[in-house]
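The values are calculated or read from the model by the stated rules, or taken from the named source; none is laboratory data. What you are looking at is a predicted structure, and each value in this text was computed from that prediction instead of being measured. Here the Cβ is made from the backbone with ideal geometry for all residues, glycine too, and neighbour counts use every protein chain on show.
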Amino acid sequence: MRLSRPEELGITQIIALGSVTLFVLVHVVGGRLAFLTGTPRSVWLSAAGGVSVAYVFVHLLPELAEHQETLQESTNNAHRLLADIESHAYLIALFGLGLFYGVDRFARSAAGAGQREEGDQAPATVFWTHLAAFGLYNVLIGYLLVRREETDLRGLVIYAVAMALHFIVNDQGLREQHGQTYHRYGRWLLAAAPVVGYFVGVSTQVSPLLLSTLFAFLAGGVILNVLKEELPEDRQSRFWAFAGGAALYAALLLLTA
């Protein structure tokens with residue numbers, strides 16, 4: 001973990017606040033971005049998905065390996081049973097992926113997504129279950145904005161840009177699935193969630209073990225939520241936009257490493 005120099009702290013705090021504001025705006029004004037809607041999938045959404053995937057595989061997974069070391073050391077000292085499991089962080093990431101996959105399958109199956117026309121409303125129970133899962137997800141992203149392992153300015157900017165674009169992809173997916181119900185209620189709650197996470201992060205500090213656990217869980221959620229928006233055939237995603245976004249952001253991450 002590299003500590004920020006004192007002169008970086010003021011800039012870091014400003015950028016963190018600006019990032020939270022950006023997260024809020026993505027959800028609040030997402031419905032006005034008409035160029036992101038429709039089928040085939042918007043070039044910009046596919047490019048944003050590519051950026052998120054690049055962030056996952058070039059930055060998030062290597063960082064997850066560092067958190068694996070933290071979890072390994074902690075469990076070696078505290079729990080002999082867990083110490084026999086060599087991939088704690090990856091198991092937690094797998095759990096995060098599986099949990100969000102389960103929530104998504106529940107939402108789509110219970111709502112009869114295959115039979116509904118675009119813009120129809122999902123049942124209230126489905127909507128609030130889906131929203132609760134993404135609300136906690138957004139809180140965690142806001143929390144890790146200020147409580148990541150990397151506290152330097154570069155790491156903050158990389159994280160903020162990738163998560164802002166990830167929010168754009170998630171917002172459009174939820175908007176398509178839940179229609180006016182999401183526009184009326186969901187977007188406001190999801191806009192508030194990263195703000196809550198940010199202030200929790202500013203006011204509290206957790207152990208390295210719990211921080212690594214939260215990060216690993218987020219990694220699994222990001223992987224699932226990015227790929228589920230890009231891979232289904234009915235999305236008619238733009239491959240070249242997706243590949244271009246992934247390649248450009250991956251190159252940027254490698255050049256600034």
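Assorted remarks:
- Identity of the residue in segment 43-76, of a type in the set (S, T, Y) and crowded, with 21+ Cβ neighbours inside 10 Å, that ends up modelled with the lowest pLDDT: T70
- Considered as a group, the residues in segment 1-42 that are among the charged types (D, E, K, R) and in contact with an Asp or Glu (Cβ under 9 Å, 6 or more places away or on another chain) include one that is modelled with the lowest pLDDT, and that residue is R2.
- Residue selection: L253 fails the criterion of being at negative phi, buried (at least 16 other Cβ atoms within 10 Å of the Cβ) and modelled with pLDDT under 85.
- Which numbered condition V200 fails, given (1) more than 30 Å from E66 (Cα to Cα); (2) in contact (Cβ under 8 Å) with a residue 60 or more places away in the chain; (3) surrounded by fewer than 22 Cβ atoms within 10 Å (Cβ to Cβ): (1)
- Taking segment 183-206 as the range and being closer than 20 Å to V126 by Cα and within 15 Å of the chain's Cα centre (by Cα) as the test, the residues that pass are L190, A191, A193.
For every residue, the table says whether it meets (1) out of contact with any Asp or Glu (no Cβ under 9 Å at 6 or more places or on another chain); (2) among the aliphatic types (A, V, I, L, M); (3) under 26 Å from W128 (Cα atoms).
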position	(1), (2), (3)
T181	yes, no, yes
P194	yes, no, yes
T204	yes, no, no
F217	yes, no, yes
V222	yes, yes, yes
N225	no, no, yes
R238	yes, no, no
G244	yes, no, no
A250	yes, yes, no
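- Qualifying positions in segment 222-250 - of a type outside the set (K, R), within 16 Å of the chain's Cα centre (by Cα) and modelled with pLDDT under 85: V226, L227, E229, E230
- Restricted to segment 197-221, and to residues there that are outside any helix (DSSP H, G or I) and either of a type in the set (S, T, N, Q) or in contact with a Cys (Cβ under 7 Å, 6 or more places away or on another chain) (or both), the residue that is modelled with the lowest pLDDT is S207.
- Neighbours by Cβ (under 7 Å, 6+ apart or cross-chain): first from segment 242-257, over 14 Å from V157 (Cα atoms); second of a type in the set (D, E, K, R): F242/E230
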